[in-house]
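The block underneath contains the structure these notes are about, expressed in structure tokens.
The values are calculated or read from the model by the stated rules, or taken from the named source; none is laboratory data. Here the structure is a predicted model, which means the values were calculated and not measured. A quick note on method: Cβ atoms are made from the backbone with ideal geometry, for glycine too, and the neighbour counts reach across all protein chains shown. For accessibility, only protein heavy atoms count, side chains too; no ligands or nucleic acids. Shrake-Rupley method; radii C 1.70, N 1.55, O 1.52, S 1.80 Å.
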Amino acid sequence: MKKIKLLLVEDEIVLAGVVKETLEANGFHISHAENGAQGWEQYLSFRPEICVVDIMMPKKDGISLVKDIRTVDEQTPVIFLTAKSETQDVIKGLQSGADDYIKKPFSLEELILRIRTLLKRTQLANTPAAPTTNNSGVYILGTYTFDHNRQELRHEKEDIRLSLREADMLRMLAERPNATTHRRNILLELWGDDNFFNARNMDVYISKIRKYLQHDPSVQLVNVRGLGYKLVY
């Protein structure tokens, strides 16, 4: 059976050793880098299918590394490891292009679960889209065409490549046009937990989607105070 290639970028050698050993025992092929500069070199040569990256590292921090990765690769999932609990640090990490984060200390079981969840979404997203039917995953949003399977939001002025989570969130909203989707439902569906940090994480994605939809004023992502969001078009 083909092993999943995972790039682990972590400067804490003891922690990296434990994570590497555990992931290898669970069927992953691991390449470990001790800093962000080394991580970039290994990314280019190893071509991982998923990356687990610490934020605070010497030579090149994790946020800078992920920004570099996103200039050449918009699809490979990235999970940040962070000892920081401040909301702004988490948001900054997500804005750099990461798909998820996990705070230290963490359980290895939770890390493996998050890795497998992102890999599953990647596999589904890369499955060729079916012909356009009611079940095709294609939605017409005003002058936009949103293709969930391909993670694409197309407009005559711009074609936008969406992250996995952006595509999943937009699909949840598009499936219930002009109706409110509750915040808690989005959090539980996409993050598995409605805690404070995930809620702030979600707010970042909502802001991104609003920006993507700016070319058509008739399409609005409305905040329903105290309840959630609705996509009006």
Kirkwood hydrodynamic radius over Cα pairs of the chain, then Stokes diffusion coefficient at 4 °C and 1.567 mPa s, in µm²/s: 70 µm²/s
Taking the chain as a Gaussian network, Cα atoms linked when under 10 Å apart, which of LYS92, LYS103, LYS157 shows the biggest mean-square fluctuation? LYS157
Over the chain, give the accessible area per residue in Å² for a 1.4 Å probe, as an integer. 50 Å²
HIS29 accessible area, assembled protein chains, probe 1.4 Å, Å²: 90 Å²
Could you work out the Kirkwood radius for the range 1-96, taking every pair of different alpha carbons, averaging 1/r and inverting it, reported in Å? 13.4 Å
For THR143 and GLU158, extending 7 Å from Cα along the Cα-Cβ vector and measuring point to point gives, in nm, a value of 1.3 nm
Could you check the simple spin-label distance between ALA37 and LEU119, using points 7 Å along Cα→Cβ, in nm with one decimal? 3.2 nm
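Pop the C-beta distance of ALA179 and SER207 into the FRET formula with R0 = 22 Å and round what comes out to the nearest 0.05. Present the calculation step by step, with values, prior to reporting the outcome.
Values: r = 21 Å, r/R0 = 0.96.
Once rounded, the FRET efficiency stands at 0.55.
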Which value, in debye to the nearest 20, describes the size of the charge dipole of the chain about its Cα centre when Lys and Arg Cβ atoms bear +1, Asp and Glu Cβ atoms bear -1, and nothing else is charged? 540 debye
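Assigning unit charges at the beta carbon (Lys, Arg +1; Asp, Glu -1) and nothing else, what dipole magnitude in debye, to the nearest 20, does the range 1-70 show about its Cα centre?
Using only the charged Cβ atoms, the result is roughly 380 debye.
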With both bridge residues required to lie in the chain, what share of the DSSP beta bridges run antiparallel, to the nearest 5%? 50 percent
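Distances longer than 19 Å among the Cα atoms of the range 175-233: what percent of all pairs is that?
Numbers: 477 of 1711 pairs.
Cα-Cα pairs in the range 175-233 separated by more than 19 Å: 28 percent.
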